[in-house]
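Have a look at the structure below, then the notes.
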Amino acid sequence: MTTLDQLIRNLTRLPGIGRKSAARIAYYLLRADRQFNADLAREIAELKERIRECSICGNYTEVDPCEICTDPRRDRSVLCVVEQSQDIQTIEATREYSGLFHVLNGVISPIDGIGPDDLTFGKLEKRISENDIAEIIIATNPTVEGDATAMYLVRMFANSGISLSRLASGLPVGGDLEYADRLTLARSIKGRIPLK
Ligand SMILES: [Zn+2]
């Protein structure tokens, strides 16, 4: 297998990249200048070395704790619970939210063998017992698994004084937060539905 074939094969493993797109990218890189290719290769190689998960919230960050966790202007009484780190960026882009985050690293999904112990609920419980949290906004995706995870959170904090809410409708059912447009997401944060 040639270097070009190997590259095309690896590129098809990336999300959203089919064989045609992979070939287009590979041929583009073949024509691109050396410096661009070298920078790109270096950035990919350094990604895992430089970027880690924030030890507090789970956000991807180059400094630990992350810039959101250490920002004195953030409202420390509100926690927004998201499925994955990249959801934080999506919510931050709306500029509608100023509290802190908690990344679950997935959702409860019995079919995939993912139970509560595989997610960061334990860490969340600890955070909440050690900090003064008044509200939790659940921003799991509007999917069956996202719903089950939201219900699990409601049960988890049923006997606490914390109010829980979920992002309002308007988000595409069965879809992902990252595909919601900014305005829809901003509206769904403002109009979040109280669960408890
Ligand atoms: Zn953080």
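The values are calculated or read from the model by the stated rules, or taken from the named source; none is laboratory data. Here the structure is a predicted model, which means the values were calculated and not measured. No Cβ is skipped: glycine too gets one built from the backbone with ideal geometry, and neighbour counts run over all protein chains shown. For the accessible areas, the whole protein counts, side chains as well, though only heavy atoms, and no ligand, DNA or RNA atoms are used. Shrake-Rupley method; radii C 1.70, N 1.55, O 1.52, S 1.80 Å.
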Contacts under 9 angstrom Cβ, first residue in region 63-88 being of a type in the set (Lys, Arg), partner outside any loop (DSSP other than H, G, I, E, B) and within 14 Å of the ligand (Cβ to nearest atom), 6 or more apart: Arg74/Ile68; Arg74/Gly99; Arg74/Leu100; Arg76/Gly99; Arg76/Leu100
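Can you pull out every residue in region 63-75 that is away from the ligand (no atom under 12 Å from the Cβ) and either surrounded by 11 or more Cβ atoms within 10 Å (Cβ to Cβ) or modelled with pLDDT under 95 (or both)?
Asp75
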Test for Leu119: is it closer than 23 Å to Cys54 by Cα, within 14 Å of the chain's Cα centre (by Cα) and at pLDDT 95 or above: yes
Sole exception among (1) closer than 26 Å to Leu183 by Cα; (2) within 12 Å of the ligand (Cβ to nearest atom); (3) not in a strand (DSSP E or B) for Arg127, by number: (1)
The listed residue being at pLDDT 90 or above, closer than 23 Å to Cys66 by Cα and open to solvent by 40 Å² or more (accessible area, probe 1.4 Å), out of Asp87, Asp112, Asp132: Asp132
